[in-house]
1. Given (1) crowded, with 24+ Cβ neighbours inside 10 Å; (2) in contact with a strand residue (DSSP E or B) (Cβ under 8 Å, 6 or more places away or on another chain), identify the lone condition not met by residue B:57.
2. Give B:87, B:138, B:106 a once-over and let me know the one that is modelled with pLDDT of 95 or more and in contact with a strand residue (DSSP E or B) (Cβ under 7 Å, 6 or more places away or on another chain).
3. Looking at the range B:223-247, which of its residues are surrounded by fewer than 20 Cβ atoms within 10 Å (Cβ to Cβ) and in contact with a helix residue (DSSP H, G or I) (Cβ under 6 Å, 6 or more places away or on another chain)?
4. Can you name the condition, by its number, that residue B:220 falls short on among (1) surrounded by fewer than 21 Cβ atoms within 10 Å (Cβ to Cβ); (2) in contact with a helix residue (DSSP H, G or I) (Cβ under 9 Å, 6 or more places away or on another chain); (3) assigned to a helix (DSSP H, G or I)?
5. Give the residue that is farthest from ligand 3 (Cβ to nearest atom), with candidates limited to residues of the range B:105-128 that are in contact with a helix residue (DSSP H, G or I) (Cβ under 8 Å, 6 or more places away or on another chain) and in a helix (DSSP H, G or I).
6. Among the residues of the range B:139-151, is any assigned to a helix (DSSP H, G or I), out of contact with any helix residue (DSSP H, G or I) (no Cβ under 7 Å at 6 or more places or on another chain), within 16 Å of ligand 4 (Cβ to nearest atom) and touching a residue at least 24 places away in the same chain (Cβ under 8 Å)?
7. Out of the range A:18-30, which residues are touching a strand residue (DSSP E or B) at 6+ places or on another chain (Cβ under 8 Å) and near ligand 2 (Cβ under 8 Å from one of its atoms)?
8. Looking only at residues in the range A:25-40 that are more than 16 Å from ligand 1 (Cβ to nearest atom) and within 8 Å of another protein chain (Cβ to nearest Cβ), which one is surrounded by the fewest Cβ atoms within 10 Å (Cβ to Cβ)?
Ligand SMILES: Cc1ncc(C[n+]2csc(CCOP(=O)(O)OP(=O)(O)O)c2C)c(N)n1
Ligand code: SF4
Ligand code: SF4
Ligand code: SF4
Ligand SMILES: [Mg+2]
């Protein structure tokens, strides 16, 4: 079991924002879909640091990212 | 940027690994991308084993997205955490003995000038505080005294992170670390002052909190080194493991340190300033 970040894509799309994608320490992980106008997480690459939650919730007060527990089958 | 060095021969693309194909189709090659578009193109940096939430890993990510010309760049690293990610990118990487980055980079820069006299090759040495200011100190200083034309970047986590928490010359006075339990007795070395005295033509101190500014100084350091002499960036890249910073607070810590003792400083010689002004002027003319 480990934590990954998940973006509420519908909520994120209501903002014009790409901020979290600029602060993730991992490459090719927290991506931005221009068609959906939303950030999304490439989950197998996420290390669960929650820095993106700090950016979205603490700095921007937008609360679109949550940390969720996943299990490998 | 050209696509040639990642472009496979016709017919071979279908047999290549997905990450390689993604790099061809969605990578930065042949396009004008910059670090403020991270998350919207396939980065040349790949997966690596640096810790979750590591600000040094973040620095490496922004570094690779900021290279003015990655296909003609050679990166040198040494023992320490950064090389774990530096080596995982689509850019040639050289790994020597601990602390010898600036000696190897000096020879390499000269050799590249002889071998490719009509081509600009960018050489960048990136190492930790232990690598550059302790064990590699003499090589760092002599590359500067000799005015070798390459960029040196110190990713300063104020500790020997990779070996479990010994104090370095860059650890702040008084700090207690796992393997320095009595607390450090001496001040942090004045790295940027040493760089200026030793002849670096462009010197920056920065806490990575603003990606545009960080990316700009990385580009500037590399461009100035091409023409004028040694350049140096001193970046605060915390070690959340050895300094017990909760990972979600790593950016908050960098912002606090920026206010306290890592405020942005940018020094350049007059000729370097004139060179950048000329570039900015040309860019404005193109836009107009
Ligand atoms: C000649 C030599 N001495 C010692 C070591 C062990 N060693 C590996 S990394 C390291 C310190 C790393 O500290 P720093 O340069 O600050 O990099 P960090 O891991 O903190 O990023 C040491 C002493 C080595 N690899 N080679
Ligand atoms: S910071 Fe929040 S609102 Fe902004 S792009 Fe990221 S998830 Fe969306
Ligand atoms: S939790 Fe960390 S690694 Fe995962 S997407 Fe957020 S910032 Fe990136
Ligand atoms: S030990 Fe510290 S500097 Fe090294 S990868 Fe982990 S957090 Fe980063
Ligand atoms: Mg260190």
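1. The number of the failed condition is (2).
2. B:87
3. Within the range B:223-247, B:228, B:245 qualify.
4. Answer for residue B:220: the failing condition is (1).
5. Among those that are in contact with a helix residue (DSSP H, G or I) (Cβ under 8 Å, 6 or more places away or on another chain) and in a helix (DSSP H, G or I), it is B:106.
6. no
7. Correct list: A:18, A:20, A:21, A:30.
8. If we take residues in the range A:25-40 being more than 16 Å from ligand 1 (Cβ to nearest atom) and within 8 Å of another protein chain (Cβ to nearest Cβ), then A:34 is surrounded by the fewest Cβ atoms within 10 Å (Cβ to Cβ).
The values are calculated or read from the model by the stated rules, or taken from the named source; none is laboratory data. Everything numeric in this text was worked out from a predicted model, so none of it was measured. Using ideal geometry, Cβ is built from the backbone for each residue, glycine included, and neighbour counts are taken over all protein chains shown.
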